Amino acid sequence: MKIAIIGLGYVGLPLSLQFARSGVEVVGIDIDKQKTDALNRGESYIQHIPRSAIAEQLEAKHFSATTGFSVIREVSAVIICVPTPLNKNREPDISYILQTGKAIAPYLQRGTLVVLESTTYPGTTDEDLRRVLEEGSGLTAGTDFHLAFSPEREDPGNPDSKVASIPKIVGGLTRACLEKAMELYSKAIKTIVPVSSCRAAEATKLLENIFRSVNIALVNELKVVYAAMDIDIWEVINAAKTKPFGYMAFYPGPGLGGHCIPIDPFYLTWKAREYGQNTRFIELAGEINTAMPQYVVNRVGEALNSQRKSINGSKVLIVGLAYKANVDDDRESPSYILLDLLKARGAEMAYYDPHVPVIRPTREHPHWSGTKSVPWDKETIESFDAVIVSTAHAEVDYEQLANWSRCIIDTRNALAKTSVQPGVVWKA
Ligand SMILES: NC(=O)c1ccc[n+]([C@@H]2O[C@H](COP(=O)([O-])OP(=O)(O)OC[C@H]3O[C@@H](n4cnc5c(N)ncnc54)[C@H](O)[C@@H]3O)[C@@H](O)[C@H]2O)c1
């Protein structure tokens, strides 16, 4: 069996390798030639994917990468894993999906299965993607070719999370589409969970991410309320999670980050308006979570003030630039908002992140591009007036940090187990 996987990023590359390991011949397609060239040389650009995992599949001739779409003619299935960001008005931008659909359509054959994996609002597969595929190919979905949606579930940074063992939701346009998609995924993934439609599958993914966003907002709100009462939210969560039923622990932080949780819920908000529906929980969670960086900045101000210093003119270090512990992914990271907010208040900003040695050029933060992580040594760390722990990477030695810094703003409870002097750590 030969398939194509389009979009070789955090989702598409591990999925390609999983299919390849399962004996399926995978052609990976990406518009970024640097990525396809790197892959064909056996190089990885994602930290948790080792070179050997790519090299093995290249050697076995189970995997190759290209920027050309004509190979679609030869495959029995196409899986689309392209980005679904928000535009500058925070509305869904499905242009990557539509562009991909248009690029596939001229080569689409009768009987081919097309599956969308990108997170998106209900209706994207059976309205938007279907339209461009049908227009460009002259074929009819459900009759001439199969169409399905199957959301990706990734847990970046979790070494126990393996593509093959995460149950896979699948919804098809027709019964036959569903069966084709289940047959495809069962080659590489252990448990397939069928649902009645593409829309139900799209809605399932959104529920999962909205659930996280709302629960993170809840503990962020309680963090602020409890702090005013001099109660430590971390102690409370650790106690609450001993309840064996009806409770699931979520943790506060400096704000949401990553490509999913800050973005996906608003895909539903936008689509719900078409049906005259409001998404008040989603909006409220968004409001609370996006207020967190400002809360952290206020705590930095208090902490510095207690040492008769102001933000203006102080040297402030952010520890952890990636949005999540133990990963190198800095997309939508609240650390960037902290850098911007504090710089605007006159602080001299720097960061330390063992996973992000230098800031790559991005559309969102071009002004930080090229900035390098400071080295981790006593002299450097001591030179900062305040240190904010924004992401709690496991490699960071928090005991050293506790010894080297006089003022630490801890948004992750990373200093909890260190023997720190009273008055040094400010939880935020
Ligand atoms: N990263 C995660 O943990 C995660 C988890 C679940 C779901 N998702 C969803 O999966 C989708 C992909 O996310 P990602 O993190 O892999 O993104 P990514 O940015 O890492 O990768 C996307 C890839 O698609 C390529 N691309 C863009 N337009 C293209 C086109 N027209 N044709 C071919 N390739 C194209 C890009 O060059 C890039 O390599 C998104 O919808 C995201 O919401 C991501």
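The values are calculated or read from the model by the stated rules, or taken from the named source; none is laboratory data. Just so it is clear, the structure is predicted and the values come from calculations on it, not from any experiment. We place every Cβ from the backbone using ideal geometry, glycine too, and count neighbours over all the protein chains shown. SASA here: full protein model, heavy atoms, side chains in, ligands and nucleic acids out. Shrake-Rupley method; radii C 1.70, N 1.55, O 1.52, S 1.80 Å.
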**Message:** Consider the range 70-91. How many of its residues are closer than 19 Å to residue 11 by Cα and open to solvent by less than 40 Å² (accessible area, probe 1.4 Å)?
**Reply:** 9
**Asked** What are the residues in the range 256-290 that are open to solvent by 50 Å² or more (accessible area, probe 1.4 Å) and under 30 Å from residue 424 (Cβ atoms), if any?
**Response** 290
**Message:** Anything in the range 18-42 that is of a type in the set (D, E, K, R) and either away from the ligand (no atom under 14 Å from the Cβ) or surrounded by 15 or more Cβ atoms within 10 Å (Cβ to Cβ) (or both)? List them, or say none.
**Reply:** 21, 25, 30, 35, 41
**Prompt:** Inside the range 107-121, can you point out the residues that are within 14 Å of the ligand (Cβ to nearest atom) and not charged (D, E, K, R)?
**Reply:** 107, 114, 115, 116, 118, 119, 120, 121
**Prompt:** If you scan the range 92-112, which residues turn out to be in contact (Cβ under 8 Å) with a residue 12 or more places away in the chain, open to solvent by 30 Å² or more (accessible area, probe 1.4 Å) and either within 16 Å of residue 26 (Cβ to Cβ) or of a type in the set (Ser, Thr, Tyr) (or both)?
**Reply:** 96, 107
**Prompt:** Can you tell which of 58, 15 is open to solvent by less than 60 Å² (accessible area, probe 1.4 Å) and away from the ligand (no atom under 14 Å from the Cβ)?
**Reply:** 58
**Message:** Checking the structure you have, find out if any residue of the range 313-322 is at pLDDT 95 or above, out of contact with any helix residue (DSSP H, G or I) (no Cβ under 8 Å at 6 or more places or on another chain) and open to solvent by 30 Å² or more (accessible area, probe 1.4 Å).
**Reply:** yes
**Prompt:** Out of 294, 277, which single residue is part of a loop (DSSP other than H, G, I, E, B) and on the phi < 0 side of the Ramachandran plot?
**Reply:** 277
**Request:** Quickly run through the range 292-334 and pick out the residues that are free of Cβ contacts under 8 Å to residues at least 12 places away in the same chain and of a type in the set (A, V, I, L, M, F, W, C).
**Result:** none
**Asked** residue 159 is checked against (1) open to solvent by 50 Å² or more (accessible area, probe 1.4 Å); (2) under 23 Å from residue 270 (Cα atoms); (3) within 20 Å of the chain's Cα centre (by Cα) and fails just one. What number does that condition carry?
**Response** (2)
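How many residues are of a type in the set (Gly, Ala, Ser) and over 18 Å from residue 428 (Cα atoms) if we restrict to the range 202-233?
2
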**Message:** When you check residue 7 against the structure, is it more than 10 Å from the ligand (Cβ to nearest atom), at positive phi and open to solvent by less than 60 Å² (accessible area, probe 1.4 Å), yes or no?
**Reply:** no
**Item:** Where residue 398 falls short, out of the listed (1) open to solvent by 50 Å² or more (accessible area, probe 1.4 Å); (2) closer than 23 Å to residue 299 by Cα
**Value:** (1)
